[in-house]
1. If residue 130 passes every condition in (1) surrounded by 13 or more Cβ atoms within 10 Å (Cβ to Cβ); (2) out of contact with any helix residue (DSSP H, G or I) (no Cβ under 8 Å at 6 or more places or on another chain); (3) not in a loop (DSSP other than H, G, I, E, B) but one, which one does it miss?
2. Within the group 64, 72, 33, 60, which residue is on the phi > 0 side of the Ramachandran plot and touching a strand residue (DSSP E or B) at 6+ places or on another chain (Cβ under 9 Å)?
3. Could you please tell me which pairs satisfy a Cβ distance under 8 Å, a separation of 6+ or placement on different chains, a first residue in the range 126-137 that is in contact (Cβ under 8 Å) with a residue 60 or more places away in the chain, and a second residue that is part of a loop (DSSP other than H, G, I, E, B) and surrounded by 13 or more Cβ atoms within 10 Å (Cβ to Cβ)?
4. If you scan the range 120-146, which residues turn out to be on the phi > 0 side of the Ramachandran plot and modelled with pLDDT of 85 or more?
5. Does residue 22 satisfy the condition of being closer than 22 Å to residue 111 by Cβ, touching a residue at least 40 places away in the same chain (Cβ under 8 Å) and touching a helix residue (DSSP H, G or I) at 6+ places or on another chain (Cβ under 8 Å)?
6. Only one of 112, 123, 92 is in contact (Cβ under 8 Å) with a residue 40 or more places away in the chain and under 15 Å from residue 168 (Cα atoms). Can you tell me which?
7. Of the numbered conditions (1) at pLDDT 95 or above; (2) surrounded by fewer than 20 Cβ atoms within 10 Å (Cβ to Cβ), residue 32 fails exactly one; give the number of that condition.
8. Is it the case that some residue within the range 50-59 is under 21 Å from residue 157 (Cβ atoms) and touching a helix residue (DSSP H, G or I) at 6+ places or on another chain (Cβ under 7 Å)?
């Protein structure tokens, strides 16, 4: 699992804050590799029903006790959100600071029609600024765009984010259904 989760008092990612308006009221949201629960907590305060999944959910239990939490080893076990009918569907799937490429098909299959995907993680070039440095955990140029090609892309960014400096790729996308266009001029933060 990614050792770079932010602490329990960390603010939510500016990318999540910027695009949270794409979620319909009271959305069912899946937070993959939820870490400390900072995004669970933020989305819960907006009225969403959030499910967090991670290898270690102890910090999230303390910060976001009103959310469904699932402890699972996403890298060495089958996708835990599957039943006899197929994958459990969510109105939004969010992933921050985590990359495990074998999960892509499960993440996309978990998007209900009209669902939102918000994804932000480290990109190639991050090795100049700190961890992670392993290319297995760094997105290649344009990789999020390639992975999201079956979705309607609302926004995409790739570049150096300041304070602390880190190289990121970010995507906001929707699965089929109506696309609400939203303009947000804010740069990488």
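The values are calculated or read from the model by the stated rules, or taken from the named source; none is laboratory data. Note that the structure is a prediction, hence the values are computed from the model and not measured. Here the Cβ is made from the backbone with ideal geometry for all residues, glycine too, and neighbour counts use every protein chain on show.
1. (3)
2. Unique residue meeting the criteria: 33.
3. If the second residue must be part of a loop (DSSP other than H, G, I, E, B) and surrounded by 13 or more Cβ atoms within 10 Å (Cβ to Cβ), the pairs left are 131/4; 132/2; 132/4; 132/138; 137/2; 137/99.
4. 142
5. The answer is no for residue 22.
6. 123
7. It fails just one condition, (2).
8. If we filter the range 50-59 for residues that are under 21 Å from residue 157 (Cβ atoms), which is where we start, we get none.
No.
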